[in-house]
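A quick write-up on the structure given underneath.
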Amino acid sequence: MSYNEIYEKIGFKREMERLEKQANLGAYKEVRMLKLFGIKEDSEILEIGSGPGFFTKILLDNFSEAKIISLDNDEKLLKLAHNNLNKDYGERVTFVKDDITKASLPDDYFDYIIARFVFQHLSNPIAALKEIFRLLKPGGRVIIIDVDSDLWGLTNPKNDLIKMLNENLSKIQSNLEGNRKIGRALITLLKTIGFVNLDIEGVINHSDILGKDNFRYKIDNNALNNPSLSKVLNEYNDFFDLSYSSIMILKLFFYGEKP
């Protein structure tokens, strides 16, 4: 089953709502981290796996002279991104349907390449990193934002919800040839490909700061056709009804430079 089949199954509109909320949740912290890693107002940025363009809009708004190539292999998502962004941002954003493991873009071209929650879905992350290395200018920088399921979340009070949720999500991603534990491998993979000046940072989203409702899963459980995951999601959402409950989620930032 492809990602396209998944969002068609659970409902395209509902999935787009989830992705938009995910992009905006704590976005100011992510922008702060991108600036720490050196992204400038006029950078030439390739955003891979850009999907419907929700994070693309955040980049365009916060780096006011940047030019972005928005790359995705899903034509439906790219069309949605174009419809959402083209009128307001015009020539600052270009939409490309392509495969990051064998892109048709030129060598040594980009200042920055950003991949946000992409690598956990890739069946061949090494091929993608080799292609990223080719596309970057000498001195160009890659920033990968992703997770590792064993570091992903903590609840207060402590319970097994995060563990059970991760087990279910990891199984689904594994069946799709992805890897929800990619976080522990990325620095080593970057080093193996030849990236230098490696670094890793983290950003934490906390429900007491950003609001509990932003952490709920609003998915039609009946459409999932997965009783185990549906049960966990229901218990996860019920957890937030407790007056004293909270959750914090860790997003990892991986950084490397092309010599």
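The values are calculated or read from the model by the stated rules, or taken from the named source; none is laboratory data. Keep in mind that this is a model prediction, so the values were computed, not measured. All Cβ positions, glycine included, derive from the backbone under ideal geometry; neighbour counts span all protein chains shown.
Being in a loop (DSSP other than H, G, I, E, B) and more than 19 Å from the chain's Cα centre (by Cα), is that true of even one residue in the stretch 177-188? Even if it seems obvious, please write down each step before you answer.
Narrowing the stretch 177-188 to residues in a loop (DSSP other than H, G, I, E, B): 177-182.
Filter again for more than 19 Å from the chain's Cα centre (by Cα), leaving none.
Checked the stretch 177-188: no residue is in a loop (DSSP other than H, G, I, E, B) and more than 19 Å from the chain's Cα centre (by Cα).
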Residue check, LEU85 touching an Asp or Glu at 6+ places or on another chain (Cβ under 9 Å) and either within 17 Å of GLU30 (Cβ to Cβ) or among the aliphatic types (A, V, I, L, M) (or both) = no
task = Could you pull out the residue among ILE204, ILE182 that is loosely packed, with under 14 Cβ neighbours inside 10 Å, within 16 Å of ASP148 (Cα to Cα) and among the hydrophobic types (A, V, I, L, M, F, W, C)?
result = ILE204
task = Say whether the condition of being among the basic types (Lys, Arg) and either in contact (Cβ under 8 Å) with a residue 60 or more places away in the chain or within 29 Å of PHE63 (Cβ to Cβ) (or both) is met by at least one residue in the stretch 157-165.
result = no
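Would you please name the residue that is farthest from PHE195 (Cα to Cα), looking only at residues in the stretch 118-137 that are among the polar types (S, T, N, Q) and in a loop (DSSP other than H, G, I, E, B)?
We begin by selecting, within the stretch 118-137, every residue among the polar types (S, T, N, Q); these are 120, 123-124.
If we keep only those that are in a loop (DSSP other than H, G, I, E, B) as well, we get 123-124.
Values: SER123: 21, ASN124: 18 Å.
The extreme case among them is SER123.
This table checks each residue for (1) touching a helix residue (DSSP H, G or I) at 6+ places or on another chain (Cβ under 7 Å); (2) under 15 Å from LEU250 (Cβ atoms); (3) of a type in the set (S, T, N, Q).
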{"position": "ASN166", "(1), (2), (3)": "yes, yes, yes"}
{"position": "LYS171", "(1), (2), (3)": "no, no, no"}
{"position": "SER174", "(1), (2), (3)": "no, no, yes"}
{"position": "ASN179", "(1), (2), (3)": "yes, no, yes"}
{"position": "GLY183", "(1), (2), (3)": "yes, yes, no"}
{"position": "LEU189", "(1), (2), (3)": "yes, no, no"}
{"position": "ILE193", "(1), (2), (3)": "yes, no, no"}
{"position": "ASN205", "(1), (2), (3)": "no, yes, yes"}
key: the stretch 102-116: number of residues that are surrounded by fewer than 17 Cβ atoms within 10 Å (Cβ to Cβ) and either closer than 22 Å to LEU252 by Cα or of a type outside the set (D, E, K, R) (or both)   = 4
message = So, ASP160, is that one of a type outside the set (A, V, I, L, M, F, W, C) and either at pLDDT 95 or above or surrounded by 15 or more Cβ atoms within 10 Å (Cβ to Cβ) (or both) or not?
response = no
